[in-house]
Structures are given as structure tokens and as C-alpha cells.
Amino acid sequence: GGGSYGGADAERKDALWNSQWWQGIGVGLQAIGAISSSIASYYNEKMAKIQGLSQASALRHKATIDSMKASMDKESAMSIKAAGDAAKADYTAQAGAVIAQDLVRQGASGLKTGVGSLAEGQASMIFQKEVGAWRIDSNAERASFAVMQGAQSLQSQSLMGRVSAYNLEQTSAARSPWLAAGTSLMGSAAPIASSAARYFNPQQYYSNPTDQ
């Protein structure tokens, strides 16, 4: 009787030791997996941080270029307007000189200016002068406005780019590779602890023959 209980108890202990051995391997593998996952989380977060800061730098650089282009376009728009004003003034002066010369010619010829067909001719010349000046001014205004619109669009893009760069910098700077690694490790702690508790439970190595 006692020998049979002793043999059964020995077999049970052998089986439990064998089970513990495999449980120990399982706990070890879980721990290795948790550490590997934690390391991967660390480098993934670090890479995301580097990429975010790099993208923010690129956005800020583009915003600077856009701002420079906008300033250059504004200067171009002002130059176009100034050139138009100069051309208008030059044209008006030349047209006025032609009208004056015509009046002098008519006076030298003994003709009465300001009456009849002469008056109509003078009015026509003055009208042509005004139309020509208006065309020069209008063309310069349109060209200047188009360039200025482009400058304003670039300036808006520059502002939006700076805001995006700032937000991305703040988000990337807040990333913590160590925090990501710790969070990953803590997430694996509960199942590992549960497995370890079963592994280190001493009650599984004792048997009561009366339970057989």
C-alpha cells in the first residue's frame, strides 16, 4: 500500500517538475518577447520623432522661401506700377507736345483755333491722348495686381507653413522613446507576472496521498 502511494507520488512530482521546467521556458520566452517589443517601441518612437522634426524643418524652410518670393513679387508689382506711371507721364507729355505744336502751326497759318473742324480735330487729339494714357495706366494696374495677388498667395502659404512646422515641432518634441518603451514593457508585465506566479507556486510540488 505505502509503496504504491510512494511510487504514485514520485511520478506526480516528476510530472510537476517537468511541467515547471516548461513553464520556466515559457516565462523566459515571454520576458524576451516583452524586452524585444519594448526595444522596438523605443526605436519606432525615436524614428517617428526624428522624421517629424525633419518634416517640420522642411516646412519651415519652404515657408521661408515662399516669404522671400512673396517679398520679391511685391517689389515687382510696385515696379510694374511705377513703370506704368512713368510710361503714362511720358506718353501724356509727348501727346501734349504734339497738340501744342498743332495749335502753334494753326496759329502761324492764321487759322482760328477752337472753332469748326479745327475744334473737332483738337478735341479728337485730346481724347486720343486721354484714351492712350488710360490704356497704359489700366495695363500697368492689371499686371501689378496679378503679381500682387501671387505675392499674397505666397505669403499666406508661408504663414500656413510656419504654423504647420510649429505644430509638428511641438508634437515631435513631445514624443518620448523611453516612455514608449516603458509603456510597452508595462503592458507585458501582467501576463508575465501571472505566468511567473504559476511557475513559482510551491504548492504544486507537494502531494497528499489521501487525494489519490
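The values are calculated or read from the model by the stated rules, or taken from the named source; none is laboratory data. Model, not experiment: these values are computed from the prediction. Ligands, DNA and RNA are stripped out before the accessible areas are found, and what is left, the full protein with its side chains, is counted by its heavy atoms. Shrake-Rupley method; radii C 1.70, N 1.55, O 1.52, S 1.80 Å.
Among the residues that make up segment 179-190, is at least one of them in a helix (DSSP H, G or I), within 33 Å of the chain's Cα centre (by Cα) and at pLDDT 85 or above? Yes, because at least one residue in segment 179-190 is in a helix (DSSP H, G or I), within 33 Å of the chain's Cα centre (by Cα) and at pLDDT 85 or above. Going by the conditions given, is ILE25 open to solvent by 50 Å² or more (accessible area, probe 1.4 Å), part of a helix (DSSP H, G or I) and either at pLDDT 80 or above or farther than 30 Å from THR183 by Cα (or both)? So ILE25 fails the test.
Among the residues of segment 35-88, which ones are basic (Lys, Arg), within 23 Å of ALA165 (Cα to Cα) and open to solvent by 70 Å² or more (accessible area, probe 1.4 Å)? Break it down stepwise before answering.
Going through segment 35-88, the residues basic (Lys, Arg) turn out to be 46, 49, 60, 62, 69, 74, 81, 88.
Filter once more, so that each one left must be within 23 Å of ALA165 (Cα to Cα): 46, 49, 60, 62, 69.
Result: LYS46, ARG60, LYS62, LYS69.
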